[in-house]
Structure formats: C-alpha cells, structure tokens
Amino acid sequence: MIRGKYGLMPLLLAAGLLLTGGVLAQTAGTIQVFFERTQSANAGQLIFENVLTGVRDTADAAGTGFATAGDAVLYFDRETGLVMRATPDEQPEAHPFMQMRPGDTRIDWAASEDGTWIAWTHTSGPSNALVTETWASRSDGANRGLIFRDGPRDGIRAYPLTFSADNKRVYMDYQPDAIGLIAPYRQFAALFALDIATGAATSLPGEAGCFCGADIFDDQLVRLVLGSGGFDVRTVHLRTEVSHLISAPQPESFTLGGDVLVSPTAQQAVYVLGRRTESGGRETQFVLVDIPAEQARPLGDVFLEPLRPVAWTSDGNGVLLVNVNTQGTWLLDAKDGTLSQVAQADYVGVLD
C-alpha cells in the first residue's frame, strides 16, 4: 500500500512536474517518487525528487506494480520476469532475494509501513489447484523464512496487504485469482492475519466478507460491506476489536466500489464508487469516512474520469489521485472536494 506521509513540494516546479500550487511537505529531506510514462503505460522514467535540495535523479524503468518500500521502489519487470529494485543513486537492479522461482505463476509483496520488513508470496500450480507460499524477512534479508503454505485451492491464492503496527503479523487476503486480476478497483474477499513467529493464520473480525474494498493502517481496518442499496462501511480496530457499522451514501447506479485508503492518522478513509457510462467510460464518486464520528459522506462532484486514490497528505487535508487514462497526479481536497492537478507524472510514494 502507498502511504502519503508528506505532500508535494513547490520544488517540484524546478523539475517541470508541478502544475499548480502544491501541498508543503511536513518533513525535510524526503525523497518523493514519480513515474513518467514515456513509451507506454508501463515504460518510462522513475523520478526521484529531493524536497529539501531540489536535486532530481531519474532512472529508466519498465514494469508494473511500482511502489515504495523503505529506501527503494520495487516493481515487476514483465519482460525479464524479475522483481526490480530502484534507488535514487543507482540504476534499477534485480532484487537480491525476492524473485520468482521455477514453476511460479506470480509473485506479490507488501512492505511494512516503516520499511523494515517485507512479505511476499510465491503462487504456483494450475488455476484449479493454486498453491501459495508466504515468506517474510527484514528488508535487508535477515530473519528470512517461510511462514505459511496454503493450497491447493481452486482459483484462490493468498495475497499480502500490509503489516501490523508492531510488525509481528502480516495481514493477508484469500484473493480470487481471475476476478482480482480484472477488477477495476482494489477489492478483497477473506482477510486474515499471519503470525510471523508461529505461522498461525487467524481470520479478521467479520471475515470472510463480500469481494469488496478494504484497507488497513496502524491496525485500523476499514471495510466495505454490502448494504440494502449498495455499500456500507465497517470499521474494526484490530488491537481492541472495537467495531462499528457506518451507513454510507448510495448514489444511484454506482454499482462498482473499492480502492479504500485509510489516512496516516487512521482517523479518516476514502473510497471510490464507480459506474459505467453509455459510451463505455467510467464515472467516479469519492466517499469520505470519518472513523471517530462514524459518518460517511460524498466528497466532491461526480468526476467524468476513472480516478483512483494513491496517497493521503500527512495532515489529512487531501488525497492524491491518478487517472487511469491520463498521466499526472491530482489533489482532492478532503474538506470541500475540489480537484486540482498538481503534477504531470504519476505519484508513486516517498522513500524513508
């Protein structure tokens, strides 16, 4: 999961990225990462921007799943079949220990919020008998080990989401393979937790649920659930197991939903509702969840573009979005719902 620890700096103007006034970063010295598509949707340049000095480094990259993990960007290069690791001072190179093995059909990973741990899954076998092995280690490869083996399952694979706040558990999902690969938003079917020390698997409260959106940050789970007219929201604090069901707005004909993103304060969340247009496009309505107040409300207008949230600003006042069809980064104001483009390249995240 990509977290918005910091906002966008005006220093990005020097790199030609910023189009409008940015959101000031809260911590100096942070390196923000963007991906500029230059050849195709999956090929271009990674841009590393130091918000303290304004120094910019770039690296050619081609792949999918670009996400920050500690001090590096990780992604999967489909042409070589390698998991790649990119940092500001070096060209991308193969990850030193997290790679597909003979017989694997896919590899997935998730880093802890502090970047000190990483978990990954090896999926193998035919679609009607998928086997998943889950591994975890410190980011430097120490304490590496197999913690869970699951399957064979018909069309179901285990999938890592994130870590608990104390890095002792990995939050996972039993992901329906075929549907999960084509779903327009991030959705999950049956969330559970793996104890790194023992490998014990425990279903999260209320699971299994619908194949609906969810996110976890600082042990706060925000989960979409099917309501009488669409989606409602269930919140669960996974340390205390205090749970609330929040009645959410149900805009007419918005039958798609997902891409839940919990804020860095774990006090708010945002998610996306979508509907198909007669021309085959997709309209977007965002919903803001106030977790302590147990309230949800529409955020902004219905946007005529397939926008997706990728990060919160650190103060919780805005959400960074990318557009499936158009390169760039947009800022959605979490108070009044106004939308403005802030960068010409796609926002990836920040490096620790």
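Computed quantities for the displayed model
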quantity: Residue-normalised accessible area of the chain, given per residue in Å² at a 1.4 Å probe; calculated: 42 Å²
quantity: Simple Cβ-charge dipole of the range 181-292, Lys/Arg +1 and Asp/Glu -1, about Cα centre, in debye nearest 20; calculated: 200 debye
quantity: ³J(HN,Hα), Karplus 6.51/-1.76/1.60, whole Hz, each residue of the range 318-333, x for Gly, Pro; calculated: x, 10, 8, 10, 10, 10, 4, 9, 10, 5, x, 10, 10, 10, 9, 5
quantity: The chain, helix-only ellipticity at 222 nm - DSSP H runs n ≥ 4, -39,500 (n - 2.57), divided by all residues, nearest 500; calculated: -500 deg cm²/dmol
quantity: Dipole moment magnitude, nearest 20 debye, the chain about Cα centre, only Lys, Arg, Asp, Glu C-beta charged; calculated: 460 debye
quantity: Per-residue SASA entry for Thr162, accessible area with 1.4 Å probe, Å² rounded to 10; calculated: 0 Å²
quantity: Diffusion constant of the range 175-297 at 20 °C, which comes from Stokes-Einstein with the Kirkwood Cα-pair radius and 1.002 mPa s, µm²/s; calculated: 142 µm²/s
quantity: Ranking by accessible area, most exposed first, for Thr87, Thr58, Thr80 with a 1.4 Å probe; calculated: Thr80, Thr58, Thr87
quantity: Accessible-area composition of the chain, carbon plus sulfur, in percent [1.4 Å probe]; calculated: 49 percent
quantity: Part-to-part distance (alpha-carbon centres) for the range 285-336 and the range 64-139, which is given in Å; calculated: 28 Å
quantity: Anisotropy class of the range 70-114 from Cα gyration tensor, a/c 1.5 cut; calculated: oblate
quantity: Mean shadow area of the range 37-153, taken as a quarter of the surface of its Cα convex hull (nm²); calculated: 8.5 nm²
quantity: Diffusion coefficient, µm² s⁻¹, Stokes-Einstein with Kirkwood Rh over alpha-carbon pairs of the chain at 37 °C and 0.692 mPa s; calculated: 159 µm²/s
quantity: Potential lengthening between Thr38 and Gln267 on full extension [0.36 nm per residue; Cα-Cα distance subtracted]; calculated: 78.7 nm
quantity: Residue among Thr87, Ala189, Ala43 farthest towards the positive dipole end of the chain, charges placed on Cβ; calculated: Ala189
quantity: Arg239 accessible area, 1.4 Å probe, all protein chains in place, Å² to nearest 10; calculated: 140 Å²
quantity: Estimated D of the range 103-225 in µm² per second, where Rh is the Kirkwood radius over Cα pairs and Stokes-Einstein applies at 20 °C, 1.002 mPa s; calculated: 148 µm²/s
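The values are calculated or read from the model by the stated rules, or taken from the named source; none is laboratory data. Since the model is a prediction, treat every value here as computed from it, not as a measurement. FYI the Cβ positions are ideal-geometry reconstructions off the backbone, even for glycines, and counts take in every protein chain you see. We work out accessible area using only protein heavy atoms, side chains counted, and drop any ligands, DNA or RNA first. Shrake-Rupley method; radii C 1.70, N 1.55, O 1.52, S 1.80 Å.
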